[in-house]
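Visitor: Structure below; questions to follow.
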Amino acid sequence: MRKSALVSAASYGHNSPRVPGSHHGTSFNGWDEERAKLYEGTFIRSERKLDSARVTKIWDPDKETAKNPGDACGIETVTDTPEECSEGEDVVPIEGEAGLIAALEAGKLSLELGREVTIEELLE
């Protein structure tokens, strides 16, 4: 099973104030429904479970917000930086809400270490 990080995946706000919202961890880790109900913001429950990876770390510009999906989805570590988030992981999905340049900067360490990196870019 591959270890995955989630970078910039607990809040959203491209060129606007960030608001809580997450669904990326539920596909791999599942979720605890009671904890998910406590989440303030959008919490999308995946319709299927993928067993190919497990999300073990999460980072977001709003660290407090990152703790919520981390807790609901059983993500063990909320990191202080995107670089910490990608260290030791096999796959690093980067949510592009911060823009492509910020997403690339967040994934730079992973790319240098030869990690698989995917970037979801919000196009305007």
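Visitor: Step by step: first the residues of segment 1-20, then only those that are in a strand (DSSP E or B) and in contact with a Pro (Cβ under 9 Å, 6 or more places away or on another chain), then the one that is modelled with the lowest pLDDT. Which residue is that?
Guide: PRO20
Visitor: Considering only segment 23-31, I want to know if a residue exists there that is part of a loop (DSSP other than H, G, I, E, B) and at pLDDT 80 or above.
Guide: Yes, there is a match, as at least one residue in segment 23-31 is part of a loop (DSSP other than H, G, I, E, B) and at pLDDT 80 or above.
Visitor: Follow-up question, since we're still on this one. Report yes if GLU47 is exposed (fewer than 15 other Cβ atoms within 10 Å of the Cβ) and under 21 Å from ARG2 (Cα atoms), otherwise no.
Guide: Judged against the criteria, GLU47 is a match.
Visitor: For the condition modelled with pLDDT under 70, farther than 15 Å from ARG54 by Cβ and crowded, with 19+ Cβ neighbours inside 10 Å, what is the one hit in GLY99, GLY107?
Guide: GLY107
Visitor: Continuing with the same structure: Kindly provide the set of residues from segment 53-78 that are surrounded by fewer than 23 Cβ atoms within 10 Å (Cβ to Cβ), at pLDDT 85 or above and touching a helix residue (DSSP H, G or I) at 6+ places or on another chain (Cβ under 7 Å), ordered by number.
Guide: Result: ARG54, ASP71, GLY74, VAL78.
Visitor: Please work out if ALA36 is more than 22 Å from ARG2 (Cα to Cα), surrounded by 15 or more Cβ atoms within 10 Å (Cβ to Cβ) and modelled with pLDDT of 80 or more.
Guide: yes
Visitor: How about segment 42-81: which of its residues are of a type in the set (Lys, Arg) and either on the phi > 0 side of the Ramachandran plot or in a helix (DSSP H, G or I) (or both)?
Guide: If the condition is that a residue be of a type in the set (Lys, Arg) and either on the phi > 0 side of the Ramachandran plot or in a helix (DSSP H, G or I) (or both), then LYS63, LYS67 are the ones that fit.
The values are calculated or read from the model by the stated rules, or taken from the named source; none is laboratory data. What you see is a predicted model, and the numbers here were worked out from it, not measured in a lab. Virtual Cβ from ideal backbone geometry, glycine too; neighbours counted across all protein chains shown.
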